[in-house]
Structures are given as structure tokens and as C-alpha cells.
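Student: Here's a structure for you.
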Amino acid sequence: METDKLMRIYQLLYDRYGPQKWWPADGRFEVIIGAILTQNTNWKNVEKAILNLKQANAMTPTSLHIMEPECLAQLIRPAGYYNIKAQRLKNFLNFLFTEYDGEVDRLETIPTDQLRNQLLAIKGIGAETADSILLYAYNREVFVVDTYTCRIFFRHLLIEPEGGYEQVRYFFESSLPDDSDLFNEYHALLVQAGKEYCKPKAKCNGCPLEKLPHEIDPLAY
Ligand code: SF4
């Protein structure tokens with residue numbers, strides 16, 4: 001039943017927007033860097049920061065690992081919160097070099113739950129960032145939950161407002177087929193619908209989901 005509802009929503013979004021081709025990045029390492037940089041900012045700012053890193057020939061684990069934190073902070077300045085994010089990148093790189101000799105491909109063989117716990121243990125990497133890395137860099141069947149996901153599914157009466165991240169993630173993962181390609185596309189489509197229509201003040205008129213049952217509570221999300 002929930003599966004049918006979730007797949008109906010997916011199909012409506014896909015019919016409107018088509019394939020989103022996420023994650024927009026050159027390779028696994030860049031996905032990880034982008035996932036950390038995109039915290040609390042929009043993607044355009046992340047792109048500028050990534051371009052700075054590329055122009056400085058610094059988009060490799062070794063280059064970023066040996067770079068002074070102040071220099072790294074200046075390069076990623078367009079992404080906002082640059083001192084904090086530089087430290088978060090350093091935290092990830094320290095983990096990568098300590099545990100895996102600086103090779104992102106070596107994480108490929110680590111079981112999903114174990115890798116998720118390792119990522120969550122890195123200071124500054126929360127559930128959404130860890131799951132974005134797992135799904136988009138390592139193709140794992142992990143559903144990424146964000147504000148758009150919660151807002152859309154709460155308004156469509158499919159989740160409770162007090163449901164925490166893990167509860168919402170479980171709802172998706174237990175209701176949908178185990179398919180990382182589906183999870184990849186679904187999350188990207190929800191972001192698109194959220195940005196365009198399901199804002200804090202909903203614009204239901206013209207939204208791909210407007211014909212489905214929903215209720216707007218202006219106090220939620
Ligand atoms: S904007 Fe309205 S119709 Fe669209 S997802 Fe949000 S609540 Fe649903």
C-alpha cells in the first residue's frame with residue numbers, strides 16, 4: 001500500500017522532470033567533497049568552491065590532505081561557513097588516510113552499515129551527508145532524507161512531523177524496492193519539486209503532486 005503511494009509519487013515527479021542525472025560530479029572523490037560542502041548552502045555556491053579547488057589542482061585526496069586549513073578555507077569560501085567546512089573536509093581526509101591510505105575506492109568493499117557508522121563517527125558528518133556519500137559515491141541502497149523529503153511527505157500525510165531522520169529513512173527503505181538507482185533518482189526529484197513548489201509556503205498550483213491528497217500546515221517544516 002505504502003509502496004504504491006510512494007511509487008505513484010515517484011512516477012508523477014519523474015513524468016514531470018525526467019532523469020536528474022545526480023550526482024553532478026567528476027568521480028567519487030568529488031561527490032564526497034560536494035556532499036560535505038553542500039551542507040547549509042545551495043549547489044551553485046558548491047560549484048564555485050569545487051571550481052576553485054580544481055583550478056588550484058587540489059581536487060585529490062593527497063592535495064587536500066596536505067593543504068593548510070587556512071588555504072583550503074579560502075578556496076572553498078564560496079560554499080559558506082568555510083572555516084567550519086574546511087575543518088570537516090580535513091576530518092574526512094584524516095579518516096581516509098588513517099583508515100584507508102587515502103584511497104576512496106578502498107571504501108567500496110566495506111559493508112554499508114559499517115561504512116555508515118564510520119562516516120557518522122567523523123565530526124561534522126551527519127546522517128544526510130553520510131547517506132549522500134553512501135548513495136551517490138558508493139551506490140548503496142540508502143535513502144537520503146532532507147527537509148524537502150520531510151515537508152513533501154508530511155504534507156501528503158505519509159509521515160508524522162515528529163518522525164526523526166532514521167524513522168523517515170526506514171519508511172522509504174522498507175517501502176520501496178531495494179534499488180539504489182531508484183533511490184538516487186527519487187531523492188533528486190524530491191529536491192527539484194521542493195525547490196520549485198514545496199517551499200515553506202507551498203505553491204501547490206501546478207505542482208506535479210497537486211492532485212494527490214495533501215494538507216498544508218504552515219507551522220510544520
Ligand atoms: S507544493 Fe503542494 S502539491 Fe506540491 S508537494 Fe507540496 S504540498 Fe504537495
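Student: Using the Cα atoms of region 78-150, I'd like the radius of gyration and the largest Cα-Cα distance, Dmax, both in angstrom.
Tutor: 12.7, 37
Student: Go through G206, T149, A121 and say which Cα lies farthest out towards the positive end of the charge dipole of the chain; charges sit on Cβ, +1 for Lys and Arg, -1 for Asp and Glu.
Tutor: G206
Student: In square angstrom, what is the accessible area per residue of region 54-136 with a 1.4 angstrom probe?
Tutor: With the other protein chains kept in place, region 54-136 gives 50 Å² per residue.
Student: Here's another thing I want to ask about it. Among C71, I110, W22, flag the residue with its Cα farthest along the positive direction of the charge dipole of the chain, charges on Cβ as +1 for Lys/Arg and -1 for Asp/Glu.
Tutor: Checking the options against the dipole of the chain, the answer is C71.
Student: Over the chain, with every protein chain in place, what whole percent of the accessible area is carbon and sulfur at 1.4 Å, could you tell me?
Tutor: The value for the chain is 50 percent carbon and sulfur by accessible area.
Student: Let me ask something additional. Please identify the longest segment of the chain free of exposed trypsin sites (Lys or Arg not before Pro), where exposed means a DSSP state other than H, G, I, E or B and no more than 15 other Cβ atoms within 10 Å.
Tutor: Looking at the chain, 22-122 is the longest stretch - no exposed trypsin sites (Lys or Arg not before Pro) with at most 15 other Cβ atoms within 10 Å.
Student: So which of K54/K199; K21/K195; K21/K90; K123/K199; K48/K195; K44/K199 end up more than 25 Å apart by C-alpha?
Tutor: Numbers: K54/K199 33 Å; K21/K195 17 Å; K21/K90 28 Å; K123/K199 30 Å; K48/K195 20 Å; K44/K199 18 Å.
Flagged as over cut-off: K54/K199; K21/K90; K123/K199.
Student: Give me the distance in nm between label points sitting 7 Å out from Cα along the Cα-to-Cβ direction at Y100 and D15, one decimal.
Tutor: Calculated label separation equals 4.0 nm.
Student: So if a site counts as exposed when it's one of the GluC sites (Glu not before Pro), its DSSP state isn't H, G, I, E or B, and it has at most 10 other Cβ atoms within 10 Å, what's the longest stretch of the chain without one?
Tutor: It works out to 1-161.
Student: Which value in deg cm²/dmol, rounded to the nearest 500, describes the helix-derived mean residue ellipticity at 222 nm for the chain, given -39,500 (n - 2.57) per DSSP H run of n ≥ 4 and division by the residue count?
Tutor: Values: 11 runs with 123 residues, N = 221.
Taken over the chain, the calculation gives -17000 deg cm²/dmol.
Student: Right, another one. Using the Karplus curve 6.51 cos²θ - 1.76 cosθ + 1.60 with θ = phi - 60°, work out ³J(HN,Hα) for each residue of region 20-26 in order, rounded to whole Hz, and write x for Gly and Pro.
Tutor: Residue by residue, region 20-26 yields 9, 6, 7, 8, x, 7, 8 Hz.
Student: Would you compute the Debye intensity of region 143-201 from its alpha-carbon atoms alone, equal scatterers and no solvent, and pass along log10 I(q)/I(0) at q = 0.14, 0.17, 0.24, 0.29 Å⁻¹ to two decimals?
Tutor: Log10 I(q)/I(0), no solvent term: -0.35, -0.52, -1.02, -1.33.
Student: Just to be sure I understand: with springs between alpha-carbon atoms less than 10 Å apart, which residue in Y186, Y136, Y197 has the highest mean-square fluctuation in the Gaussian network model of the chain?
Tutor: Result for the chain, Cα springs under 10 Å: Y197 fluctuates most.
Student: Karplus couplings for region 78-85 from phi (6.51 cos²θ - 1.76 cosθ + 1.60, θ = phi - 60°), rounded to Hz, Gly and Pro as x?
Tutor: Result, rounded to whole Hz: x, 7, x, 6, 5, 5, 5, 5.
Student: Now, a different point. Enumerate the calculated ³J(HN,Hα) couplings along region 134-144 in order (Karplus 6.51 cos²θ - 1.76 cosθ + 1.60, θ = phi - 60°), each rounded to whole Hz, writing x wherever the residue is Gly or Pro.
Tutor: 4, 6, 8, 9, 10, 6, 8, 7, 10, 8, 8
Student: How large are Rg and Dmax for region 1-138 when only the alpha carbon atoms are used, in Å?
Tutor: Rg and Dmax of region 1-138, Cα atoms, are 16.3, 53 Å.
The values are calculated or read from the model by the stated rules, or taken from the named source; none is laboratory data. Source: prediction; values computed, not measured. Heads up, the Cβs are rebuilt from the backbone with ideal geometry, glycines too, and the neighbour counts pull from every protein chain shown. Note: accessible area is taken over every heavy atom of the protein model, side chains too, but ligands, DNA and RNA are not part of it. Shrake-Rupley method; radii C 1.70, N 1.55, O 1.52, S 1.80 Å.
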